[in-house]
Amino acid sequence: MSFEQSSFQYILTFDVLEHVPDHNRALKEFYRCLAPGGRLMITVPFRWDSQEYQIRAELKESGEIVHYEEPEYHGNPVDMDLGSLCFRYFGWQLLDELREIGFVNCEVYTYWSEELRYFGNPQLIIVAEKATSLS
């Protein structure tokens, strides 16, 4: 990302990270761009019953996309006809990756709201914080 280090108190990304071929690089950039004590909030397709990711596709260095499962495309306001390729569904391994990068207080919250029509099995949001000091 083109932002300076420690630019933001919050970075929010909702249903985007599964479309990023190198999600770990994106997580590292989020960490770099967050100010100490800043928070990352993410929603992704999450396999709450699995530690591991479900890898659906992979982008090779050659630029070739290898599909391990039937290609799945999610809605994309920039390309309403095709959508965006989903590379993975995440599992609890995501929290381990966040901690390895340096995030602390990595947590998964569930939410449900009749008023806002947030129903699901379950709806999840992942929240992580950039440490305020190096330990």
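Since every read-out is calculated from the coordinates, none of them should be taken as a lab result. Bear in mind that the values here come from a model prediction, so they are computed numbers and not experimental data. Note that each Cβ is placed from the backbone with ideal geometry, even for glycine, and that neighbours are counted across all protein chains shown.
Assorted remarks:
- Cβ-Cβ under 9 Å pairs, at least 6 apart or on other chains, segment 46-64 side exposed (fewer than 14 other Cβ atoms within 10 Å of the Cβ), far side of a type in the set (S, T, N, Q): 48/110; 48/121; 50/93; 51/93; 52/93
- Segment 64-82: number of residues that are in contact with a strand residue (DSSP E or B) (Cβ under 9 Å, 6 or more places away or on another chain) and under 24 Å from residue 126 (Cα atoms): 5
- Residue satisfying condition, being more than 15 Å from residue 131 (Cα to Cα), among the acidic types (Asp, Glu), in a helix (DSSP H, G or I) and in contact with a Lys or Arg (Cβ under 8 Å, 6 or more places away or on another chain), within set 69, 18: 18
- Hey, residue 4 assigned to a loop (DSSP other than H, G, I, E, B) and over 26 Å from residue 103 (Cβ atoms) or not: no
- Residues in segment 75-90 that are under 19 Å from residue 46 (Cβ atoms) and either surrounded by fewer than 16 Cβ atoms within 10 Å (Cβ to Cβ) or acidic (Asp, Glu) (or both): 1 in all.
- Residue in segment 91-115 that is surrounded by the most Cβ atoms within 10 Å (Cβ to Cβ), counting only those that are assigned to a strand (DSSP E or B) and aliphatic (A, V, I, L, M): 108
- Test: residue in segment 119-126 that is surrounded by fewer than 14 Cβ atoms within 10 Å (Cβ to Cβ) and in contact (Cβ under 8 Å) with a residue 60 or more places away in the chain: yes
- Residue in segment 32-48 that is over 29 Å from residue 3 (Cα atoms) and basic (Lys, Arg) present: yes
- Apart from one condition, residue 76 fits all of (1) within 18 Å of residue 103 (Cβ to Cβ); (2) under 19 Å from the mean Cα position of the chain (by Cα); (3) of a type outside the set (A, V, I, L, M, F, W, C); the exception is (1).
- Within segment 76-90, residues that are within 12 Å of residue 16 (Cα to Cα) reach partners that are assigned to a loop (DSSP other than H, G, I, E, B) and among the acidic types (Asp, Glu) with beta carbons closer than 8 Å, at six or more positions or on different chains, in the pairs 85/72; 86/72.
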